[in-house]
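So the structure is just underneath, and the comments pick up after that.
Coordinate-derived values only; no laboratory data. None of these values were measured; they are calculated from a predicted model. For neighbour counting, all protein chains shown are included, and Cβ atoms are generated from backbone atoms with ideal geometry for every residue, glycine included.
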Protein chains: 2
Amino acid sequence: MSAVIIDGKAVARRVRENVAREVAEFRDRTGIQPGLATVLVGDDPASAVYVGGKRRACVEAGMADLHQHLPADTSQEKVAALLDDLAADPAVSGILLQLPVPEGLDGAALVGRIPPGKDVDGLTTASVGLLARGLPGLRPCTPSGIIELLDSYDVELSGTPTVVVGRSELVGRPVAALLVGRNATLTICHSRTRDLAAVCRGADVLVVAAGKQAIIGADAVKPGATVIDVGMHRTPQGLRGDVDFEAVREVAGKLTPVPGGVGPMTIAMLLRNTLLAAQAATGTDGPG
Amino acid sequence: MSAVIIDGKAVARRVRENVAREVAEFRDRTGIQPGLATVLVGDDPASAVYVGGKRRACVEAGMADLHQHLPADTSQEKVAALLDDLAADPAVSGILLQLPVPEGLDGAALVGRIPPGKDVDGLTTASVGLLARGLPGLRPCTPSGIIELLDSYDVELSGTPTVVVGRSELVGRPVAALLVGRNATLTICHSRTRDLAAVCRGADVLVVAAGKQAIIGADAVKPGATVIDVGMHRTPQGLRGDVDFEAVREVAGKLTPVPGGVGPMTIAMLLRNTLLAAQAATGTDGPG
């Protein structure tokens with residue numbers, strides 16, 4: 001029995017279509033167009049590509065593209081002042097500072113200026129604190145995209161033995177917090193875990209965000225388990241994940257491919273966060 | 001083989017003695033006496049007892065007792081203004097608003113005014129966010145007291161299969177975050193967990209903060225495991241914990257009693273936090 005392949009592209013498309021429809025309804029009702037201010041400092045080519053993708057998606061969803069581009073030699077004070085202006089600007093629903101910022105700038109301090117209500121990346125200390133406390137707030141995009149994939153494929157989470165491999169700030173820790181919030185019995189593993197395969201074999205839901213190619217083989221997967229692969233590695237054979245896809249597809253019940261699994265969800269959830277931020281700002285609805 | 005009984009009173013005493021010695025050294029070096037501002041609104045008798053214990057411990061450790069008592073009918077604005085004054089006062093190293101506050105006051109909003117550098121309870125969203133991100137900050141007292149107990153009894157955490165039962169804001173979630181930070185392979189269980197005993201039996205370290213008397217019996221404990229009981233229940237037979245002490249002591253390797261286990265650690269760690277806050281404020285040392 002080969003696993004059902006979780007179609008992240010299709011789920012992401014549906015989320016984006018739903019956001020676009022809700023944006024149109026929100027504009028009709030309130031007269032307000034949600035807007036995303038992406039902030040790019042300098043000319044790092046990869047960052048420019050990422051930001052470009054976010055801006056296009058934003059426009060496609062009917063939101064205002066309020067992009068700001070600053071030269072690489074902009075001072076900390078100038079970037080901070082721009083972020084403060086965006087924080088105060090009612091036309092700006094969400095603010096995303098593209099990382100990394102050029103050397104000489106303190107990226108963490110800059111991100112920290114984004115108020116939680118506009119923190120569509122969900123990565124500031126305030127947003128992380130709200131998530132850890134289980135309080136309403138904007139959640140980081142890749143972790144909430146993982147939850148969206150699981151929900152879309154009707155994967156039961158409540159009471160389910162669930163393992164997250166990796167404890168990064170960007171994925172491992174926040175997805176673990178979201179899964180606990182969804183009542184999973186949650187185990188978090190990492191490089192120090194003894195007998196990783198045995199721990200993973202106990203999971204009905206396995207989320208792999210280890211950043212190591214093919215760290216999860218068939219021996220680490222319970223037959224029928226749902227496996228979410230957050231890894232992304234360029235290899236001579238193309239993009240590969242943290243999961244040995246060909247081996248694991250023969251054991252798992254449901255499995256994300258790389259590419260086309262978790263990847264497309266990140267921008268989709270960024271758009272949803274921007275809409276949620278706009279709704280919360282007008283008090284018509286809130287993130288939660 | 002009967003378990004080694006973890007002597008929380010002795011460990012707490014040692015922590016308090018160490019804090020007192022460090023406070024004296026800090027005063028000698030800087031001329032500054034660390035001070036704890038406990039804030040009690042109203043006359044709830046239990047709260048008065050708790051605050052009294054904290055104030056006495058504070059004085060015993062050589063720190064200034066900067067207690068503030070407000071009448072029960074104090075307005076939200078007045079309590080907020082007092083907290084802001086304390087936040088700005090350099091003589092105040094730490095601020096602790098005793099909860100619950102009287103009806104009509106918004107306790108969460110009041111606690112949120114305490115800046116992270118003076119949040120000796122470690123319970124504000126900012127402090128919780130710092131913990132969740134693994135950044136330096138003041139940690140909540142009971143969870144860090146549990147880590148102190150484990151360290152005092154040389155319990156290996158790195159790579160160790162560890163189970164936390166309970167996901168409260170006060171204990172379960174933060175102790176899980178601290179244990180992940182110490183490289184434990186961490187499972188968090190709760191009321192929705194299926195076959196709790198089986199999950200717990202997989203743990204070499206088991207922390208029980210479920211708030212249900214005797215929820216953990218001998219069948220839920222791996223032989224030789226270390227068991228930390230955070231429960232506290234008044235019964236006709238006296239104080240009891242979440243662990244069936246008499247049954248589990250025949251299986252566990254190390255075990256905290258109730259009372260005299262985790263309980264005494266909370267005030268000890270509050271004192272340490274106050275010292276850490278004073279050190280961080282003068283830049284001589286920091287919480288971390």
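Using 0.36 nm per residue of separation minus the Cα-Cα distance, give me the extension gain between B:Asp154 and B:Met232 in nm, one decimal.
25.6 nm
How about A:Lys78: which lysines have a C-alpha closer than 28 Å to its C-alpha, ignoring those fewer than 8 places off in the same chain?
Cross-link targets: A:Lys54, A:Lys118.
Among A:Ile147, A:Ile95, A:Ile228, which one moves the most in a GNM of chain A with springs linking Cα atoms closer than 10 Å?
Top of the fluctuation ranking is A:Ile147.
Could you tell me how many degrees, from 0 to 90 and to the nearest 10, lie between the Cα long axis of helix A:8-30 and the main elongation axis, the longest principal axis, of the Cα atoms of chain A?
30 degrees
Tally Lys/Arg at +1 and Asp/Glu at -1 over every other residue whose Cβ is under 15 Å from the Cβ of A:Leu150; what's the total?
That sum, taken over residues with Cβ under 15 Å, equals -3.
Run the label-point distances for A:Thr235 please: 7 Å along Cα to Cβ, every other copy, nanometres, shortest first.
Those separations, rounded to one decimal, come out as 5.6 nm.
Convert each backbone phi in segment A:260-268 into a coupling constant with the Karplus relation 6.51 cos²θ - 1.76 cosθ + 1.60 (shift: θ = phi - 60°), then list the ³J(HN,Hα) values in order as whole Hz, x for Gly and Pro.
So the Karplus estimates, Gly and Pro as x, are x, x, 5, x, x, 6, 4, 5, 4 Hz.
Could you pull out every residue, at least 5 positions away or on a different chain, whose amide H is within less than 5 Å of the one on B:Val4? Hs are placed 1.01 Å off N in the peptide plane, and Pro or chain starts have none.
Residues meeting the amide H criterion: B:Lys254, B:Leu255.
Angle, helix A:45-60 long axis vs. longest principal axis of chain A, Cα atoms, 0 to 90°, nearest 10?
Its long axis makes an angle of about 80 degrees.
Can you figure out the FRET efficiency of A:Asp73 with A:Ala109, using R₀ = 22 Å and their beta-carbon distance, to the nearest 0.05?
With R0 = 22 Å, the Cβ-Cβ based efficiency is 0.80.
Rounded, prolate or oblate, given the Cα gyration tensor of segment B:205-288, with a/c below 1.5 counting as rounded?
It is prolate, given that a/c is not under 1.5 and a/b is the larger ratio.
How well do other chains shield peptide A:123-129, expressed as the mean number of their Cβ atoms within 10 Å of each residue Cβ?
6
Show log10 I(q)/I(0) for segment A:76-157 at q = 0.21 Å⁻¹, two decimals, from a solvent-free Debye sum over equal Cα scatterers.
Cα-only, vacuum Debye calculation for segment A:76-157: -0.98.
For a test of the definition: using alpha carbon positions, the gyration tensor, and the 1.5 limit on a/c, classify segment A:141-263 as rounded, prolate or oblate.
rounded
Roughly how tilted is helix A:76-88, in degrees to the nearest 10 and between 0 and 90, from the longest Cα axis of chain A?
90 degrees
Extending each Cα 7 Å along its Cβ direction at B:Ala247 and B:Arg27, get the distance between those two points in nm, one decimal.
5.0 nm
Can you tell me what share of the DSSP beta bridges in the protein assembly as shown is antiparallel? A percent to the nearest 5 is fine.
The answer is about 15 percent antiparallel.
How large is ³J(HN,Hα) for each residue in segment B:151-162, as worked out from phi by the Karplus curve 6.51 cos²θ - 1.76 cosθ + 1.60 (θ = phi - 60°), to whole Hz, x for Gly and Pro?
With coefficients 6.51, -1.76 and 1.60, one gets 5, 5, 9, 6, 7, 5, 10, 4, x, 7, x, 10 Hz.
Comparing A:Thr235, A:Thr125, A:Thr274, which has the greatest mean-square fluctuation in the GNM of chain A with Cα pairs linked when under 10 Å apart?
Of A:Thr235, A:Thr125, A:Thr274, the most mobile in the Gaussian network model is A:Thr235.
I want the local charge near B:Val59. Using Cβ-Cβ distances under 12 Å, sum +1 for each Lys or Arg and -1 for each Asp or Glu among the other residues.
+2
Determine which chain A residue has its Cβ at minimum distance from the rotation axis mapping A onto B, giving the value in whole Å.
So the closest residue, with its distance, comes out as A:Gly129, 1.
Using each residue's phi in segment B:134-139, evaluate 6.51 cos²θ - 1.76 cosθ + 1.60 at θ = phi - 60° and report the 3J(HN,Hα) Karplus result to the nearest Hz, with x for Gly and Pro.
So the Karplus estimates, Gly and Pro as x, are x, 8, x, x, 7, 9 Hz.
How far apart are the A:Ala198 label points across copies, placing each 7 Å from Cα toward Cβ, in nm, shortest first?
Relative to the other copies, A:Ala198 has label-point distances of 1.7 nm.
Taking H as built 1.01 Å from N, whose amide H comes closer than 5 Å to the amide H of A:Gly35, not counting residues under 5 places away?
For A:Gly35, the qualifying residues are A:Ala64, A:Ser93, A:Gly94.
Can you list residues whose amide H is under 5 Å from A:Val165's amide H, if they're 5+ apart or on another chain and H is modeled 1.01 Å from N?
Hits under the 5 Å cutoff: A:Cys189, A:Val207, A:Val208, A:Ala209.
Run down the lysines and flag those whose C-alpha is under 23 Å from the C-alpha of A:Lys254, throwing out any fewer than 8 positions away in its chain.
Of all the lysines, those that pass the test against A:Lys254 - Cα under 23 Å, at least 8 places apart if same chain - are A:Lys9, A:Lys212, A:Lys222.
Per DSSP helix of 4 or more residues, -39500 (n - 2.57); summed, then divided by the residues of the protein assembly as shown. What does that give at 222 nm, rounded to the nearest 500?
After summing the helix terms and dividing by the residues of the protein assembly as shown, the value is -12500 deg cm²/dmol.
Which of B:Ala12, B:Ala268, B:Ala72 moves the most in a Gaussian network model of chain B with Cα springs under 10 Å?
Highest fluctuation among the options: B:Ala72.
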